[in-house]
Amino acid sequence: MLDALRRSRALKAAHQAVAARRVHTPEAAPEARRLFAILPEAEDASDRSQRDAWAFLTSLDLAPGRIVPVTLGRDVGAPDRFAGSVLHITDKELDWRGLPRRVVADGLWTQRPDVALDLTGTFTLAAAYLVGGSPASVRIGLDPAPEAAPFYDLVVTGGPEALRRALGQIEPPILPVRTGRAR
């Protein structure tokens, strides 16, 4: 019963964050945009989901300083170009509902991301709250679950590689996707 109450209150707070968000106008040049991306939690070093997410971020033609990678839980290691820039949200930074505390969310949202991206691949309220409530002009998710719809402007199925292909086809571009091999 407590879990049902916790989830109900978390869902209500996440929907309120979406309703209260103030969208800001993105940078005109895609390569000047700021991105925050929530990476999937890695079970261990052999977990491909987080490595695939890092490969996706590396495939973007954005300077590392324009990307704020976020983990909700364990991180198995960021590529060197992102060393020191990963925001780790631990259990201590979650409230009783399982959502990031307001000070954590505000700290991320005040960086004024142009694009917010949930790369977790499965619907979690903590990630949906951060992405859906952000001031980003475009919010992207990878999970087509019906409950995810209010939190994302664009949903792509098939993981980070499908997202990279989709972004490469959108005109005008949302994010600059590097052609050829990633750096």
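Readers should treat all values here as calculations from the given coordinates under stated rules, not as data from a laboratory. Small disclaimer: the values here were computed from a predicted structure and weren't measured. As a convention, Cβ positions derive from the backbone with ideal geometry for all residues, glycine included, and neighbour counts pool all protein chains shown.
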Can you list, bin by bin at 5 Å, the percent of alpha carbon pairs in segment 1-125, starting at 0?
2, 10, 19, 22, 20, 15, 9, 3, 1, 0
Can you compute the modelled spin-label distance between residue 145 and residue 101, with each label point 7 Å from Cα toward Cβ, in nm?
2.6
Quick calc, residue 83 & residue 19: beta-carbon distance into FRET formula, R0 35 Å, rounding 0.05, result 0.45
Could you please report the charge total around residue 2, scoring K, R as +1 and D, E as -1 over all other residues with beta-carbon less than 15 angstrom from its beta-carbon?
+2
Principal axis extents for segment 98-183, Cα atoms only, whole Å, descending order, please.
40, 28, 23
Order these peptides, 36-42, 157-163, 25-31, by their mean beta-carbon neighbour count within 10 angstrom, highest first.
36-42, 157-163, 25-31
Could you tally the net charge around residue 177, taking each other residue with its Cβ under 10 Å from the Cβ of residue 177, Lys/Arg +1 and Asp/Glu -1?
+2
Estimated inter-spin distance, residue 32 and residue 171, nm [label 7 Å along Cα→Cβ]:
2.3
Separation of the residue 91 and residue 12 label points, Cα + 7 Å toward Cβ, nm:
2.6
